[in-house]
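A short write-up of the structure that comes next.
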Amino acid sequence: MRPSGRALDDMRTISIETDVTRHAEGSCLIKCGDTHVLCTASVDERVPPFLKNSGLGWVTAEYGMLPRATHTRMRREAKNGQSGRTQEIQRLIGRSLRAGVDRVAMGERQIVVDCDVIQADGGTRCASITGGWVALRMAVNKLIKAGDIVTDPLVDHIAAVSCGIYAGQAVLDLDYPEDSEAGVDGNFIITGSGQLVEVQMSAEGATFSRAQMDQLVDLAEKGVTELVAAQKAAVGA
């Protein structure tokens with residue numbers, strides 16, 4: 001039995017609310033159970049120096065957790081410098097989102113996706129990727145509507161979910177009680193068409209078999225199908 005009472009292949013309740021901030025070109029609040037992440041997308045008509053005069057666009061991301069996103073207060077990273085974990089997560093978000101972008105069609109501009117964790121209960125990087133895509137979609141829609149982009153540069157949905165081995169069983173969408181006790185933990189980033197973008201898997205004190213890995217991939221595909229449906233409902237597509 002899972003601590004939440006969910007079936008092995010059940011996702012947490014997913015909610016995506018759009019247009020939650022006034023100024024960002026794209027924004028959403030994604031809730032995956034008790035994990036809540038505010039995602040905003042900001043358009044910058046400049047690109048990083050290494051892309052100047054290349055004709056290519058760029059999508060990057062920043063990630064952070066508010067001080068009371070967890071059970072005890074954390075010190076702000078703006079005060080102490082980013083941890084290695086934060087840097088690794090925001091790089092993951094950026095490269096995951098870029099996997100669904102035609103950077104030529106995007107034109108020589110940059111979109112920065114900011115993911116701020118308001119409340120954490122496991123799966124914050126996955127929620128950030130899934131919500132980050134929605135914010136990116138909305139920002140791109142505004143560029144298309146304004147005539148700044150002629151061809152839609154978003155070639156596919158990008159969503160992410162965690163899966164793991166908990167109490168000897170493969171489970172979908174780990175919350176914190178499961179994540180903290182899982183023998184195997186994995187994050188799966190998958191496109192709307194079912195292509196794998198990235199898989200992060202590790203044994204946490206126990207090894208796992210090829211058959212178990214296949215089980216987790218199957219669960220992840222099911223979860224991402226549900227997440228993509230939520231993305232489509234949120235953006236009206």
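Quick notes on this one:
- Taking the criterion of being more than 29 Å from residue 18 (Cβ to Cβ) and either within 19 Å of the chain's Cα centre (by Cα) or not in a helix (DSSP H, G or I) (or both), the residues of segment 192-217 that qualify are 201, 202, 203, 204, 205, 206, 207, 208, 209, 216, 217.
- Annotation note: of 1, 74, the sole residue that is of a type outside the set (S, T, N, Q) and touching a strand residue (DSSP E or B) at 6+ places or on another chain (Cβ under 8 Å) is 74.
- Matching option when the condition is among the polar types (S, T, N, Q), closer than 25 Å to residue 7 by Cβ, exposed (fewer than 15 other Cβ atoms within 10 Å of the Cβ) and out of contact with any helix residue (DSSP H, G or I) (no Cβ under 6 Å at 6 or more places or on another chain), among 212, 169: 169
- Scanning segment 182-203 for residues that are loosely packed, with under 14 Cβ neighbours inside 10 Å and closer than 19 Å to residue 167 by Cα gives 202, 203.
- Test for residue 141: is it assigned to a strand (DSSP E or B) and touching a residue at least 40 places away in the same chain (Cβ under 8 Å): no
- Options 189, 144, 149; residue that is modelled with pLDDT of 95 or more and touching a Ser or Thr at 6+ places or on another chain (Cβ under 6 Å): 189
- Subset of segment 197-237 [among the β-branched types (Val, Ile, Thr) and modelled with pLDDT under 95]: 207
- Residue list for segment 215-237, filter: more than 14 Å from residue 188 (Cβ to Cβ), among the aliphatic types (A, V, I, L, M) and surrounded by 14 or more Cβ atoms within 10 Å (Cβ to Cβ): 229, 230, 234, 235
- Residue match in segment 87-95 (condition: modelled with pLDDT of 95 or more, touching a strand residue (DSSP E or B) at 6+ places or on another chain (Cβ under 6 Å) and within 23 Å of residue 215 (Cβ to Cβ)): no
- Restricting segment 104-138 to residues that are part of a strand (DSSP E or B) and of a type in the set (Val, Ile, Thr), the residue that is surrounded by the fewest Cβ atoms within 10 Å (Cβ to Cβ) is 118.
The values are calculated or read from the model by the stated rules, or taken from the named source; none is laboratory data. The structure displayed is predicted, hence computed values, not measured ones. Every residue, glycine as well, gets a Cβ built from its backbone with ideal geometry; the counts of neighbours run over all protein chains shown.
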